[in-house]
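What follows is a short report on a single structure.
Just so you know, all these numbers are worked out from the coordinates, no wet-lab data involved. These numbers come from a predicted model, not from an experiment. Cβ sites come from the backbone with ideal geometry, for glycine too, and all protein chains shown count toward neighbours.
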Amino acid sequence: MTGDIRKVGVVGAGQMGSGIAHVCALAGYDVVLHDLSGERLNSSLATIHGNMNRQVSSGKITDADREAALNRIATSADVDGLSDADLVIEAATENEAIKREIFGTLAPVLKPEAILATNTSSLSITRLASASNRPERFIGIHFMNPVPVMELVEVIRGIATDEATFGAAKAFVTRLGKTIVVAEDFPGFIVNRILLPMINEAIYTLHEGVGTVEAIDTAMRLGAHHPMGPLQLADFIGLDTCLSIMQVLYEGLADSKYRPCPLLVKYVEAGWVGRKAGRGFYDYRGETPLPTR
């Protein structure tokens, strides 16, 4: 069963999709990266190329590794390009309606034995699986960002996921050289269930005037030895993504401790969603990031 995964399809050529395609190709899998936007596909290939060049420069991979990996990646703006994939990983935006629509589009295209995985960071695997035509061959494979650098992958079974699919997913992640943690299908799984409320609490700390952006980030970097302060990390993740995960936790667990901070909501409403927008808790438009409060 596990040996059956030779070709991996990735749906969505954003930051996560690019990273997943990158690690799959380096691990020896043939990869088809699918996105409706040709521009996003080109930009994704450029990103993968640049990231692999950095890995060559730092001695993590050889020139030959990079060339072989790049040759394994094909792109397709048409969903039919995924018809012969053994495993398809959906890495679209963290929006349930969009993901369900994608699974509907994939249903007539994928071969019956193909495994369908989602890279969701917080949504119910069981509920997403029910929107697919193969709930027993559906699983959560949640990569961390940036995918080539982060060592961890959360594997989450839905209520209908069968044993063979679970085994194949674990073997696949192991071949990528990642460490697996198996999480139960509850909102946010393990990492985001713990990480996002911490970020949300940091935003409350700012909102209530306990400390400035700089003070909060310095306190957690030097006082808790975090590699990045929580507000800097929020900007890196994207404040829109942080808000959507907090909403999933708040609605899914019905506990007031997960209430998204009003200041987080305000920043998202302003379109200041972090590094990708040029502004979040820091302003990235100059030479060095400056706190926005």
Legend entry - Expected 222 nm ellipticity per residue - DSSP helices of 4 or more, -39500 (n - 2.57), all of the chain, to 500: -13500 deg cm²/dmol
Legend entry - Structure-derived semi-axes √(5λ) of the Cα gyration tensor in Å: which label, when the choices are (1) 42, 30, 17; (2) 24, 21, 20; (3) 32, 23, 17: (3)
Inset, instruction - Pull out a ≥ b ≥ c, the square roots of the eigenvalues of the alpha-carbon gyration tensor of the range 192-291, then state rounded if a/c is under 1.5, prolate if not and a/b is larger than b/c, and oblate in the remaining case. - result: oblate
Inset, instruction - Averaging sequence separations of C-alpha pairs under 8 Å and six or more residues apart, then dividing by the length of the range 192-291, give the relative contact order as a whole percent. - result: 26
Inset, instruction - Beyond 24 Å between alpha-carbons counts as too far, so tell me which of Lys111/Lys178; Lys178/Lys257; Lys111/Lys170 fall in that bin. - result: Lys111/Lys178; Lys178/Lys257
Legend entry - Sequence ranges 40-46, 194-200, 107-113, ranked by mean other-Cβ count within 10 angstrom, highest first: 194-200, 40-46, 107-113
Inset, instruction - Counting only C-alpha contacts under 8 Å and six or more residues apart, can you give the relative contact order of the range 2-183 as a whole percent? - result: 22
Inset, instruction - For Thr292, list long-range residues whose amide hydrogen, built 1.01 Å from N in the peptide plane, is under 5 Å from its own amide hydrogen. - result: Tyr282, Asp283
Legend entry - Proxy reagent accessibility, fewest Cβ within 10 Å first, across Glu184, Glu154, Glu101, Glu96: Glu184, Glu101, Glu96, Glu154
Inset, instruction - Amide H neighbours of Val10 under 5 Å, at least 5 residues apart or on other chains, H built in the peptide plane: list them. - result: Val32, Leu33, His34, Ile89
Inset, instruction - May I ask for the angle, rounded to the nearest 10°, between helix 213-223 and the longest principal axis of the chain, with both axes built from Cα atoms and the value confined to 0 to 90°? - result: 70
Inset, instruction - Could you calculate the contour length gain from Arg293 to Ser37, that is, 0.36 nm times the residue separation minus the distance between their Cα atoms, to one decimal place in nm? - result: 88.6 nm
Inset, instruction - Under 1.5 on a/c is rounded, so check that first for the range 214-261, then, if it is not, pick prolate when a/b is larger than b/c and oblate when it is not; a ≥ b ≥ c are the square roots of the alpha carbon gyration tensor eigenvalues. - result: prolate
Legend entry - Calculated from backbone phi, Karplus (6.51, -1.76, 1.60) coupling profile of the range 14-23 in Hz, x at Gly/Pro: x, 4, 6, x, 4, x, 5, 4, 4, 5
Legend entry - Student exercise, the range 2-183 dipole from Lys, Arg, Asp, Glu Cβ charges, in Debye to nearest 20: 320
Legend entry - FRET efficiency, Phe236 to Ser83 (Cβ-Cβ, R0 35 Å, nearest 0.05): 0.50
Inset, instruction - Can you grab the distance from the C-alpha centre of the range 171-213 to the C-alpha centre of the range 6-63, Å, no decimals? - result: 24
Legend entry - Residue order, fewest to most beta carbons within 10 Å, for Glu287, Glu136, Glu67: Glu287, Glu67, Glu136
Inset, instruction - Kindly state, to the nearest 0.05, the FRET efficiency for His207 paired with Arg127, given R0 = 45 Å and r defined as their beta-carbon distance. - result: 0.90
Inset, instruction - Using label points projected 7 Å from each Cα along Cα→Cβ, tell me how many nm separate Arg285 and Val149, to one decimal. - result: 2.6
Inset, instruction - May I ask you to sort Asp235, Asp185, Asp78 by Cβ crowding, counting other Cβ atoms within 10 Å and putting the fewest first? - result: Asp78, Asp185, Asp235
Legend entry - Separation in nanometres of the label points that stand 7 Å from Cα toward Cβ, at Ala171 and Glu184: 2.8
